[in-house]
1. Just the Kirkwood number for the stretch 162-280, please: inverse of mean 1/r across all distinct Cα pairs, in Å, one decimal.
2. First measure r as the distance between the Cβ atoms of S82 and E107, then evaluate 1/(1 + (r/R0)^6) with R0 = 25 Å and state the FRET efficiency to the nearest 0.05.
3. Between A119 and S199, what FRET efficiency follows from the Cβ-Cβ distance if R0 is 56 Å, with the result rounded to 0.05?
4. Evaluate 2.2 N^0.38 Å with N set to the residue count of the chain, then give the Cα radius of gyration divided by it.
5. I need M293, M64 ordered by Cβ neighbour count within 10 Å, fewest first.
6. Note down the Stokes-Einstein diffusion coefficient of the stretch 64-134 in µm²/s, whole number, using a Kirkwood radius over alpha carbon pairs, 10 °C, and 1.306 mPa s.
7. Determine the calculated [θ] at 222 nm for the chain from helices alone, applying -39500 (n - 2.57) to every DSSP H run no shorter than 4 residues and normalising by the residue count; nearest 500 deg cm²/dmol.
8. Full-extension gain between Q144 and W337, please, as 0.36 nm times their residue separation minus the C-alpha to C-alpha distance.
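Only the coordinates and a few stated rules stand behind these numbers; no lab work does. Worth saying up front: this structure is predicted, and the values here are computed from it rather than measured. Cβ atoms come from the backbone with ideal geometry, glycine included; neighbour counts cover every protein chain shown.
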Amino acid sequence: DVYKRQVQNSPVKPYSTVKLRVRERDFFSRWNLFAENGWVVADDTNHWYGKVHTNNYIGFRNRMDTPREVLSGFTWQGNYLSNYNWDRGTRFYSQVTSTMQPRDYAESGGRDDAYFVVAPDWAAQRIDFPPLTALSDMGNKARQGASKVVDDQYGTIWVGPKGVSIIAKSGTTLDTYISFVNKPGLRRRVAILVKRGTSTYWQTTSPHIELTTGFIIHTTGDVKAIGGLNNNEPAELNGRVTIVSEREVLLTDDIYYEDDNDNRSVVYDSANPGGDNFSVNPNYTGNACLGVMAAKSIYLTNNDGFQRNDKDLIVCGVFAAGVGGSASDGSFSWLPWGDSRTGGFSNTTVSGSSSLMRDLRLYGALLSDGNASTGLAHWKGYTSGGSPASGYSSSVFRYDFGLLNSPPPEYMQINMPKYSGWQLIR
């Protein structure tokens, strides 16, 4: 107290007042859709329930005007209309930001049919993905406290409490196949198969790996499948996992979150194809979360489902494609026209030009680099003469609002292009 009074009465203060300008940080998983470079096409049947941001423009299709809806909300110009009879068009239920004005794409009138619950901002500042090193950094985190289970001329595999890391050595290609299982006796499990060519290089054995808190699966190669324990079952994830590929990822089957009572996080009504037939299950009590990060594309191939004539793909998770800025290029999308991919546990081939699916339903977030030429124009497929030719004929995105406060393990963070204020330091 005596010293305190002396300091207060001293003409020379032993400290300086310092102000720091504080940049706001956020998780990429807070966006339902994020496009770093490519432009985005919004279709009449698209329903987006979370935040949307693009560093390019949104191009609006207008292939149908009915059925109409009486709604109160904002036009693309930011004008509020009360009880307006809206033509059928893209529906945005959260904030939309972009660095460019929106456009009509292919047909005229598409942006006029778009409906916004929150007034859109077309003059937002640019936001960028983290660098390519973010993916290898995730591998370092997966290897913390881990031991080598394989180390030979082809590669090294680490398994530990934080995760699994699969590293191919020079001249070798190692492909990873991932199964999430949540059954009595196999709760919160992941089975992993690694192939070198067509031969098994390494695999887990029953009861496989129990998912600990904040688990990471990292590979320097492709992820050729994410599904259930065999090609007749979807993935059943009961845990929090981030999958990281320094190459490409194929989504080859449905991915559901499940709780300990086998309740799924979402409900899909396959008897009503093409409609808004996708809802959150109020009986779900789990906290599962899947993050996927890839340097290249994440393709919605549905190999295993298509092989058993299930043409709908329902996936839960946060999917980031093309992570790495200028050092990377990739999209979360259907296959490019003329391309094909062989994968899944069924080892079947899907064509980007001729494989026609049905409903695409996403519960989570879509984060994509895109590319300058096609952007995200064909992220769900292609049409011919106005009719679906390949890919998915209908899509619904529902944002997982649990991501607002609880992103996937070690998921990407961002320096927002704005400052939240001044912080006073004495």
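1. Computed over Cα pairs of the stretch 162-280, the Kirkwood hydrodynamic radius comes out at 15.2 Å.
2. 0.35
3. E between A119 and S199, to the nearest 0.05, is 0.50.
4. Working it through for the chain, the quotient is 1.07.
5. In order of increasing Cβ crowding within 10 Å: M64, M293.
6. It comes out at roughly 118 µm²/s.
7. For the chain, the value works out to -1500 deg cm²/dmol.
8. Working it through step by step, the gained length comes to 65.4 nm.
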